[in-house]
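Below is one structure; the comments refer to it alone.
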Amino acid sequence: MKVVSIHVAPGRRLPVRSLDEVEAEAGKGLVGDRYHGSRHRQVSIQSRAALIRAAGDLGVHVDPDATRRNLTVDAGDVPTTPGARLRIGDVELEVVRILAPCRLLDDEIGPGAAAALRGRAGSVCRVLTSGRIRVGDAVEEVA
């Protein structure tokens, strides 16, 4: 797996910005994102492969930025088990929980989007180690 897109939004319902790299701060999240400083919901991560499957069910293309997730990986399924760990470059993340799709996705993507993304919306993680995350970085599950 590798990172194919990075998005942050400075506030709720504000447009997301696409970045080539972002600074992750241990215990805080991604610098410039609305969840920076939150206790548990520090980084959201999703799989482009899962988005493609959801788009097939929905019958419409699903852009990674439309879901408002921070990180999108190219292939495979994102770990959803609490406590699972991921390493992206120097940054280590810990899965907190699976992400439920927000019903606002129906407004952003189209009717039925939230239902199509159920079980495919990715995971919420907390940042364990600080560092930079870049598009193209390898993503590996850590034992």
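The values are calculated or read from the model by the stated rules, or taken from the named source; none is laboratory data. Remember, it's a predicted structure, so these values are computed and weren't measured experimentally. Neighbour counts run over all protein chains shown; Cβ positions are idealised from the backbone, glycine included.
In the range 28-48, what residues are surrounded by 13 or more Cβ atoms within 10 Å (Cβ to Cβ), on the phi > 0 side of the Ramachandran plot and outside any strand (DSSP E or B)?
Matches in the range 28-48: Gly32 only.
Does Ala100 count as modelled with pLDDT of 70 or more, under 23 Å from Pro15 (Cβ atoms) and either part of a helix (DSSP H, G or I) or among the aliphatic types (A, V, I, L, M) (or both)?
Answer is yes for this residue.
Need the failing condition index for Gly11 against (1) modelled with pLDDT under 95; (2) in contact with a strand residue (DSSP E or B) (Cβ under 8 Å, 6 or more places away or on another chain), just the number.
Result: Gly11 passes all but (2).
Mind checking which residues of the range 2-17 are touching a Gly at 6+ places or on another chain (Cβ under 7 Å), closer than 20 Å to Ala49 by Cβ and either surrounded by fewer than 20 Cβ atoms within 10 Å (Cβ to Cβ) or free of Cβ contacts under 8 Å to residues at least 40 places away in the same chain (or both)?
Within the range 2-17, Lys2 is the sole residue that qualifies.
Of all residues in the range 120-143, how many are within 17 Å of Ile6 (Cβ to Cβ) and polar (S, T, N, Q)?
Selection size over the range 120-143: 2.
Among the residues of the range 24-41 satisfying the criterion of being touching a residue at least 40 places away in the same chain (Cβ under 8 Å) and within 15 Å of the chain's Cα centre (by Cα), which is nearest to Gly89 (Cα to Cα)?
Only one residue tops the list, namely Ala24.
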